[in-house]
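Here, each number is a calculation from the coordinates, and none is a lab measurement. Computed from a predicted structure; not experimentally measured. Reconstructed Cβ throughout: ideal geometry from the backbone, glycine too, with neighbour counts over all protein chains shown.
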Amino acid sequence: MTTELFEHLDRLRNAEGKVALATLVNTRGTTPRKEGAKMLVGEGGRVLGSVTIGGCVDAQVIEESASVISAHKPRLLQLDLGDEEAWEIGLTCGGTIEVFVEPVDLEKPDDATLALYERLKAHAEAGGRGAILTRLEGARDGAKMIAFDGGKHEGSLGDAALDAAALSAAAVAIQAGKTATLTVEGTRVFAEVFVPASILLVVGASHVAMPMVALPRPPGAAGGHAHAHPRQGAGLQDHRGGWPAALRHP
């Protein structure tokens, strides 16, 4: 699970009242980032993150974000990354992306979208898996539901039959650990999957292992934390008694 979203929200919380949360929900062709990439655009113009890696596509999302914030209504954007634009950022050919842009009110501690993300973040940090399901189309676009491993859920996509079918499809995505846009009961639903932070296991206490063991955790941290890095920590295994693993890899 990446914590980039929460780090960005913390940076904007005291600077922006309202923001637009842009999420890359679908890709076709060659694209620099994959489903789940996020960008936050504040009503005052501050921008954190990206749905591509900058350039004209991100600029279009930033431009559309202003209307999403003012109307307080989500929008699904389809944007083309042409071959010439792709070449400029190092890709061999272009592609098409879809970005779901939704309003978030940082001045409200009980903002529904923020509450769902915080709920699932805590669940993943405790070792669980889950997904936030977002309805991308129809009169209830933007409706959300949270699905936990084990079958529990909260919220609704606006229709009981759609909820049931979406939960069934989400269970497969959660098990696979794959974020993707699903078509359920003729409706497109974005399933953003959260999983526990992974642990890096290094076998062999050699000099090559030394930087690898240090890689998952930020300087000064003991073992790393899920909220600070995508990897929770590292484990080192070596059965050779002559290799002082504890001394070489503190």
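Note on Asp105 and Ser67: their simple-model spin labels are 2.3 nm apart, each label 7 Å out from Cα toward Cβ. Students often forget the sequence filter, so: which lysines lie under 18 Å Cα-Cα from Lys18 once same-chain residues fewer than 8 apart are removed? Cα-Cα hits under 18 Å: Lys38, Lys73, Lys108.
Local charge for Lys144 was computed over the other residues whose Cβ lies under 12 Å away, with Lys and Arg +1 and Asp and Glu -1, and equals -3. Relative contact order of segment 23-83, taken over Cα pairs closer than 8 Å and 6 or more residues apart, is 24 percent. Summing charges over neighbours of Glu125, with a neighbour being any other residue whose Cβ is under 12 Å away from its Cβ, gives +2 when K and R count +1 and D and E count -1. For segment 100-221, the spherically averaged projection of the C-alpha convex hull amounts to 10.3 nm².
Full extension of the chain segment joining Glu137 with Thr30 gains 36.1 nm, where the gain is 0.36 nm per residue of separation less the Cα-Cα distance. Residues Lys178, Lys121 in ascending order of nearby Cβ atoms (within 10 Å, fewest first): Lys178, Lys121.
Counted by Cβ distance under 12 Å from Gly155, the other residues give a net charge of +3, where Lys and Arg count +1 and Asp and Glu count -1. Peptides 164-172, 103-111 ranked from most to least packed give 164-172, 103-111, packing being the mean of other C-beta atoms within 10 angstrom over each peptide's residues.
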